[in-house]
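No lab work stands behind these numbers, since they all come straight from the coordinates. Note that the structure is predicted; figures quoted are calculated from it, not measured. Here the Cβ positions follow ideal geometry from the backbone for every residue, glycine too, while neighbour counts run over all protein chains shown.
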Amino acid sequence: DALSQLVGAGISTNHYGEHVSVSNWYSTPEFVEASSNTLDLLCRSRDVELSRRTLAALSDPMKWLFLDTETTGLNGGTGTYAFLIGLAWWDSGGLQVEQLFMRDFHEEHSILHELSARLAERPVLVTFNGKSFDWPLLENRFTMTRAIKTPKLAAHLDLLHPSRALWKLRLGSVRLVELERHVLDAPRLGWHRDEDVLSAMIPQHYFDYIRGGPAEPLAAVIRHNQMDLRGLAAILARIEGLLA
């Protein structure tokens with residue numbers, strides 16, 4: 001279809017149906033293995049046993065799965081769908097990105113089934129505000145299917161919280177796009193957001209698309225999600241550089 005052609009996607013099939021799958025590999029940000037000191041600081045909490053389990057789970061970066069979603073609403077709730085699930089993991093010294101997109105609501109089971117399979121391989125989730133938004137929303141969607149069991153995470157590292165501790169006093173805003181602008185060396189990483197889509201417009205772009213609207217705004221949303229995943233991995237590398 002038009003969207004698949006615009007973003008170089010394929011149509012994936014499983015026993016729940018079809019969905020659009022977009023795969024890309026990026027040489028930047030480069031693979032970084034967090035030091036034991038950094039992981040200890042990131043995992044530390046009042047619950048000593050939880051900190052110990054989280055630290056053990058994070059010891060193998062090949063088990064990490066970066067995640068970012070684009071949704072039909074910005075406030076969550078039972079009526080909100082994750083129509084685009086962006087995933088990334090370290091591979092061959094760079095970042096492999098896979099995006100699961102549902103062209104209509106009946107493809108939700110298909111993308112959730114694929115997400116469950118990826119989490120079985122890499123059960124350590126790395127997000128930005130994912131503990132408050134992305135993962136609770138996905139847990140709710142798994143429950144609503146009544147068919148696909150909610151995956152069990154070995155650990156969940158939310159980079160919003162260490163980002164606040166490190167940069168909020170200096171920057172005020174620690175939105176991912178602000179961190180890219182002020183903390184990361186975006187030109188060196190080879191990316192830009194000159195024509196980035198506004199986050200507030202993303203739900204409307206999706207509703208327009210499923211009602212027969214143009215595919216170009218959704219292609220911009222997919223590129224936006226790719227940048228968020230790359231930014232997430234780069235922020236982790238920057239945190240490692242500071243804490244180590």
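Some notes on this structure:
- Between 0 and 90°, nearest 10: helix 216-243 axis offset from the chain longest Cα axis: 10 degrees
- The Rg/Rh ratio for the stretch 18-155, using Cα coordinates for both the radius of gyration and the Kirkwood hydrodynamic radius, is 0.98.
- Between VAL174, VAL22, VAL48, the Gaussian network model of the chain with springs among Cα atoms under 10 angstrom shows the greatest mean-square fluctuation at VAL48.
- Between the helical axis of 160-171 and the longest alpha-carbon principal axis of the chain there is an angle of about 80 degrees.
- Restricting the stretch 68-111 to GluC sites (Glu not before Pro) that sit in a DSSP loop and have at most 11 other Cβ atoms within 10 Å of their own Cβ leaves nothing.
- A Gaussian network model of the chain, with springs between Cα atoms under 10 Å, assigns the largest mean-square fluctuation among LEU100, LEU229, LEU218 to LEU218.
- Given charges at beta-carbon only (K, R positive; D, E negative), |dipole| of the stretch 43-139 in Debye: 520 debye
- Helix 48-57 axis, angle to the chain major axis (alpha carbon atoms, nearest 10°): 60 degrees
- Considering only LEU138, LEU169, LEU157, the Gaussian network model of the chain with Cα springs below 10 Å gives its largest mean-square fluctuation to LEU169.
- Selected from VAL124, SER21, HIS161, residue furthest toward positive end of dipole (the chain; charges at beta carbon): HIS161
- Electrostatic dipole magnitude of the stretch 90-244 [Cβ: Lys, Arg +1; Asp, Glu -1; Cα centre; debye, to 20]: 520 debye
- Spin-label model, LYS63 to SER35: label points 7 Å out along the Cα-to-beta-carbon direction sit 2.3 nm apart.
- Label-point separation in nm, SER51 to HIS182, each point 7 Å along Cα→Cβ: 2.9 nm
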